[in-house]
Amino acid sequence: MAVQKRVVSIFLIQLVLLAVSGFNRVNGAGLRTGYYDESCPDAETIALKTIRKAISKDVTLAAALLRLHFHDCFVRGCEASVLLNATKEGGAEKDGFLNLSLRGFDVIDDVKSAIEKSCPGVVSCADILALAARDAVQLTGGLFWKVETGRRDGRISLSKEIDANLPFSNFNITQLKQNFASKGLTKKDLVVLSGKISYDNLPLLQELKYVKRLQIFNMLNPLK
């Protein structure tokens, strides 16, 4: 467990710069720190306590929560549309192939329920996702940063938008640069994100024929 936590922490630390700067550029208009200082002053404390409890039981949830935030932001911006369920009009984002391996929805639900008991109808799910990503990094040995809050939750979630927004595993460098640039992200963000292979998405990576890459990773980072 200690070794797993150390390795997962390495990946989370690699992604901190993306989570802090890249995500804010994707959807950062009107955000500020301390947004809930008056309306729900204990929101961040409640979120941290709930996420700490979840990660203490399963450390791989840290990577899952950060990945959940990334997949949310990359489609319609950071507005929690990845959390919405399908409607009669069609499948939601979580039903898209690239999102089938996402985890951590239950943790976000637990955080939302806990905050609602203290401050009903105040804190958005989009902000909870952003706080969860930060707390996941911090709780696994990564850096801490102040999260700007004030996001509004989206009401539209379409599975058909996944393929047009999220990068595929077989993208070449040119396609990846174009994909990231379309989201306001830099080459530096691309390099940081490309270093991420978490325990959370190993099954999907294997399915997508990343076996050779994983074998190299395992040789460099043997679990004892």
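A short reminder: the numbers here are calculations on the coordinates, not readings from a lab. This is a predicted model, so every value here is computed, not measured. Reconstructed Cβ throughout: ideal geometry from the backbone, glycine too, with neighbour counts over all protein chains shown.
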Hey, can you grab everything whose amide H is under 5 Å from the amide H of Thr149? Only 5+ residues off in sequence or another chain; H modelled, so Pro and N-termini drop out. Arg32, Thr33, Gly34, Tyr35
Would you calculate the separation in nanometres between label points at Asp153 and Ala181, each defined as 7 Å from the Cα along the Cα-to-beta-carbon direction? 3.7 nm
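Scan region 88-158 for chymotrypsin sites (Phe, Trp or Tyr not before Pro) in coil per DSSP, keeping those whose Cβ has at most 11 other Cβ atoms within 10 Å, and list them by number.
Numbers: sites: Phe97, Phe105, Phe144, Trp145; in loops: Phe144, Trp145.
Hits after loop and neighbour filter: Phe144.
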Burial-style ranking of 43-52, 112-121, 66-75, average other-beta-carbon count within 10 Å with highest first, yields 66-75, 43-52, 112-121
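When the chain is fully extended, how far beyond the present Cα-Cα distance does Lys57 get from Ser113, taking 0.36 nm per residue of separation? Write down the numbers at each step before the final one.
Details: separation 56, 0.36 × 56 = 20.16 nm, distance 1.90 nm.
Difference between extended and current length: 18.3 nm.
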Calculate the spin-label point distance for Val122 paired with Arg32, positioning each point 7 Å from the Cα along the beta-carbon direction, and give it in nanometres. 1.7 nm
